[in-house]
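One structure is given below, encoded as structure tokens.
The values are calculated or read from the model by the stated rules, or taken from the named source; none is laboratory data. Bear in mind the structure is a predicted one, so any value in this text is a computation, not a measurement. Please note: Cβ atoms are built from the backbone with ideal geometry, for glycine as well, and neighbour counts cover all protein chains shown.
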Amino acid sequence: MLHFADLTPEQIKIICNGCGPKGGLLKVPDFLFKASCNHHDFRYWRGCSEQDRFNADTDFLTMMLIDAGEDHELQAIAHAYFMAVRCWGFACFHYADLPRAENDLALLFA
């Protein structure tokens with residue numbers, strides 16, 4: 001299975017954009033969640049099933065809460081971002097029979 005750590009910096013630039021939907025009209029602030037958002041973007045790009053989406057979203061929340069530490073305002077923002085991806089993230093998720101793999105990365109540069 002392809003992992004975020006397998007990506008080159010060029011591939012990360014193509015797949016990931018920090019927080020918020022890629023190409024969205026509203027720029028969502030990254031705060032200190034940019035790395036968590038990029039990892040989440042990758043998991044949505046890799047895609048597969050609704051269970052994979054749920055796992056990506058719950059892992060995203062966990063990573064953001066770790067980043068937020070004891071800061072209650074950042075914890076609240078993390079929960080808001082989680083709720084946003086749970087409610088509207090389906091539109092950005094790659095639903096497929098199998099998750100994308102290394103050969104799909106080559107298509108990014110075709």
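Hey, any hits in region 21-35 for a residue that's among the aromatic types (Phe, Trp, Tyr), outside any loop (DSSP other than H, G, I, E, B), within 12 Å of the chain's Cα centre (by Cα) and surrounded by 13 or more Cβ atoms within 10 Å (Cβ to Cβ)? No. For region 17-49, name all the residues that are in contact with a His (Cβ under 9 Å, 6 or more places away or on another chain) and touching a residue at least 60 places away in the same chain (Cβ under 8 Å). The answer is 19, and nothing else.
Of the residues making up region 36-75, those that are of a type in the set (S, T, N, Q) and either modelled with pLDDT under 95 or surrounded by 14 or more Cβ atoms within 10 Å (Cβ to Cβ) (or both) are 36, 38, 49, 75.
Listed by first and then second residue, the pairs with beta-carbon distance under 8 Å, at least 6 apart or on different chains, first residue in region 50-69 and in contact (Cβ under 8 Å) with a residue 12 or more places away in the chain and under 17 Å from residue 92 (Cβ atoms), second outside any helix (DSSP H, G or I) and of a type outside the set (Phe, Trp, Tyr), are 52/99; 53/47.
Taken residue by residue, region 98-109 has no member that is under 14 Å from the mean Cα position of the chain (by Cα), farther than 15 Å from residue 4 by Cα and not acidic (Asp, Glu).
Within region 78-93, the set of residues being under 10 Å from residue 21 (Cβ atoms) and in contact with a helix residue (DSSP H, G or I) (Cβ under 7 Å, 6 or more places away or on another chain) comprises 85, 89, 92.
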